[in-house]
């Protein structure tokens with residue numbers, strides 16, 4: 001694991017480059033006034049940090065995409081059922097929820113194939129309802 005010292009010239013730029021590359025690394029010689037920089041770095045790139053042996057370790061947060069996919073897929077199935085089983089036009093609230101989940105699908109990396117299919121079906125149904 002790469003170790004960077006905050007006493008080295010250009011250490012902040014090197015940190016940015018490492019997080020942009022998705023690399024895990026350690027920071028030595030961290031002063032209290034530098035913590036805000038690391039917090040912002042972690043938030044911006046979805047990193048986590050912890051102190052190990054007097055050094056600050058930064059690493060990418062591992063996303064449990066299979067668990068996230070399961071939750072998204074289950075909710076998409078429920079929403080698809082609501083908008084297709086309805087004998088009348090679904091209310092605005094259901095349409096808004098569908099739109100939010102479609103947006104979530106667009107933001108989620110490694111979305112399951114089944115979730116993508118369900119989201120596409122929701123879009124098709126919503127488009128048909130708008131044309132009526």
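The values are calculated or read from the model by the stated rules, or taken from the named source; none is laboratory data. As the structure is a prediction and not an experimental result, all values here were calculated from the model. For neighbour counting, all protein chains shown are included, and Cβ atoms are generated from backbone atoms with ideal geometry for every residue, glycine included.
Overview of values
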item: Residue in region 52-66 that is farther than 21 Å from residue 112 by Cβ and free of Cβ contacts under 8 Å to residues at least 24 places away in the same chain present; result: yes
item: Exclusive hit being under 25 Å from residue 117 (Cβ atoms), outside any loop (DSSP other than H, G, I, E, B) and modelled with pLDDT of 85 or more, set 48, 77; result: 77
item: Any chance residue 40 is outside any helix (DSSP H, G or I) and without any contact (Cβ under 8 Å) to a residue 60 or more places away in the chain; result: no
item: Candidate set from region 51-74 (those that are in contact with a helix residue (DSSP H, G or I) (Cβ under 7 Å, 6 or more places away or on another chain) and modelled with pLDDT under 85); member that is surrounded by the most Cβ atoms within 10 Å (Cβ to Cβ); result: 72
item: Number of positions in region 102-132 that are modelled with pLDDT of 80 or more and over 25 Å from residue 91 (Cα atoms); result: 2
item: Members of region 18-36 that are closer than 16 Å to residue 60 by Cα and either in contact (Cβ under 8 Å) with a residue 60 or more places away in the chain or surrounded by 12 or more Cβ atoms within 10 Å (Cβ to Cβ) (or both); result: 18, 19, 23, 24, 25, 26, 27
